[in-house]
1. Provide Rg and Dmax in Å for the chain, with only Cα atoms included in the calculation.
2. Go through Leu22, Tyr178, Met196 and say which Cα lies farthest out towards the positive end of the charge dipole of the chain; charges sit on Cβ, +1 for Lys and Arg, -1 for Asp and Glu.
3. Rank Trp198, Trp367 by accessible area, highest first, at a 1.4 Å probe radius?
4. If you average 1/r over all unlike Cα pairs in region 1-46 and invert the result, what Kirkwood radius do you get in angstrom?
5. Please state the shape class of region 16-132: rounded when a/c is under 1.5, otherwise prolate if a/b exceeds b/c and oblate if not, all from the C-alpha gyration tensor.
6. Which is farthest toward the positive dipole end of the chain among Gln234, Trp518, Trp151, measuring Cα position about the Cα centre, with Cβ charges +1 (Lys, Arg) and -1 (Asp, Glu)?
7. Could you please report the charge total around Ser431, scoring K, R as +1 and D, E as -1 over all other residues with beta-carbon less than 13 angstrom from its beta-carbon?
8. Amide H of Ala318 versus every other amide H placed in the peptide plane: which residues, excluding those fewer than 5 positions away on the same chain, fall under 5 Å?
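The values are calculated or read from the model by the stated rules, or taken from the named source; none is laboratory data. These numbers were taken from a predicted model, which means no experiment stands behind them. Cβ placement follows ideal geometry from the backbone for every residue including glycine, while neighbour counts extend to all protein chains displayed. We work out accessible area using only protein heavy atoms, side chains counted, and drop any ligands, DNA or RNA first. Shrake-Rupley method; radii C 1.70, N 1.55, O 1.52, S 1.80 Å.
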Amino acid sequence: MRWSAVALSALVLLPLMAVGLLALHSLADMAAWQSLVAAPQSGEALVLTLWTGVVSTAMAWWISAWLLAQAFVRQRLSRMSRALPAMLATPHAALAIGLVFLVAPSGWLLRAVSPGLTGFDFPPPWPTTQDPWGLGLMVALVLKEVPFLLWTAASQLQRDDVRRRWQAEHSLAQTLGYGPSRAWWRVIWPQLAPRMWWPLMAVLAYGLTVVDMALVIGPASPPTLAVLAWQWLQDADLAVNAQGAAAGGLLALLVLASGLLWWTVSRIRRPLPDGRRGSVPRQPPSPMATGQRASWGWHGLVLVYASILMALAVGSVAGVWPFPRLLPEAWTWQAWQSVWSSAGTVTDTLLLAAASAGLSLLWCVAWLELAPRHWDRALRPLLYLPLVLPGVLWVVGLYGVVLRLQWEGQWPGLLLAHTTLVLPYVLLALSPAYLGFDPRYRSLAASLGHGRWHFLWRVKWPLLRRALAASAAVGFAVSVAQYLPTLYVGAGRWNTVTTEAVTLAAGAQRSLTGAYAWLQFVLPVLGFAVAAWVGRPRRFTVQGS
C-alpha cells in the first residue's frame, strides 16, 4: 500500500513541483523587478488589489459565518445546502457578466426605475461597472465566494460523526445558560473555523489574483495588479513579459503575507484549550443573532443569483433594446444560432471538463484510500499549491512544462493544465466525507468474511456515491470556468465557452455575450444535476453475495 501511495504522490507532485519551480525560476530576473517597481501603474494597482481582495474575502467570511449560524440554530442547513449547487455552478465570469447586465448605467436596475423615479431618458455616465474604486469587483467576489464557503462548511457540518458531536455540545451549552445563537459562536464556530482554513485561503488567493472577473467588472485605469500582470505576459517583448512574471511573483508574496496575517489573527482569537474565556471573541452584535434578518439575507442572496441568471437569459435573446425600456423591443435567436454554429467550442469544453474531473476524482479516491493519514496531512500544502499560487504565475510555470513536453497548443497540455487546477478542488470537496467515513463498517464487513475490494465496491463507495458525484461535479465546474490556462497553454488554438464569454464581454455584443455566459452556467448545472441523480438514495441496488 505504501508503494502505491508513493506512486500516486509522484504522479501528481512531480508535475506540481515542476510547475512551481519553473514559476519561481521566472522570478529570478532582477531587471524585471526593477521595471515593475518603476512602472507608473504598479503602485495604484497594488493598492487596488489589496483593497478588493482582502476586504471582499473578509466580507464573504463573516457573511458565511452569519448565515451558517442561523442555518445551524434553526436546523435549516439541509434546506440551504440544496440551493448551493446552482450557485456553485455559476462560473465567476458568468456571474460578473450578469451583474454588469444588472447594474450597468443601461442595466435592468436603472431601467426598472427610469424615467419615472430618476427622470433619465438616456443612461447616465455613472461608473457602476469598472469603477475606479473596485466596488463592483468586490460585490461580484463576495457574491461568488459566499456559496463556496457555505458549501465547504456544510460538508463539515453534515459529516455524521461531527454533526452528532457538535449537536450534543450545542445542546449542552444551552443547558449551561447560553442561548442557541450564543452557543454556536462559543462552541461550534471555534471548532469549525480552523477546518475552513484551506477554503478560506483559496478564496483569499482568488480575490487577490483574479483576472477574468476583473476584466469584466473590475477597475480599468489602472486595473488590478493581476490584470496588469496578464497584460504584460501577453506582450511580445520578452522584457515586458518578464515584468509580468515579476508581478505574478509579487502577487504570490501578497497571498502569502495576507494568509500569514490572517492565520496569526485567528490564532490570537482562538479559545484557550482549558475552556477559559481568554481571547474568545464576544458574540456578534444583534443583527447576526437575529434569525429573521439571516433569513432575509439568505433569500436576498438567492434573489440576486436568480436576477443575474434572468438577466443573462434575457440578454441572450434580446434584439433592439433602447433605454429606458424594461424589456427589448425585439427578440432574436441569432446569438444562439452563432453558438450552435460553433459547436466545437462547446464540445471541447465538455471533453476537457469531463476528462480533468474524472482523472482528478480517480486520483483523489486512490490517494485517500491508500495514503497514510500522516502522509496526507504532510503533503496537503503541496497538493493545494494551485489554490494559493496566483493564476498569472501558475500559468507561467505550466507553459514552461508544456514547452518542455512539446505540448504547447495541444490537447495533452491543455488537459494537464486543467487537471492540475481541478484536482485540489476535488480533493478539498471529497476529503470531509471520505475521511469521516465510519470505520466500523469496515470491521463489520471483515467480520462477515469480506475482503477489502468487496467492502469498497459493495459498502463504502455506494454509501459515498453522493460525495463522490458532488466532488466530480465541482471539478467539472472548475474546469469549465478556467480562463488563463486555456488561453496561455492552449496558445490560442483552443476555445471554450469561458474564453469566448470573457472576450465578448469587452465588446458591445450583448446578446452573444449573454448566450455564452448563460451556456457557461448551464454546463456546470448539468454536471451538478447528473451528480444529484447519481447520488440519490437507493438509486442503485447492491446484490449481496
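1. 24.0, 79
2. Going by the charge dipole, the pick is Tyr178.
3. Trp198, Trp367
4. On the way: mean 1/r = 0.0743 Å⁻¹.
One decimal place: 13.5 Å for the Kirkwood radius.
5. Details: a/c = 2.55, a/b = 1.24, b/c = 2.05.
Oblate, since a/c reaches 1.5 and b/c is not below a/b.
6. Trp151
7. Working: positive: Arg159, Arg195, Arg373, Arg377, Arg380; negative: Glu369, Asp376.
It works out to a net charge of +3.
8. Thr332
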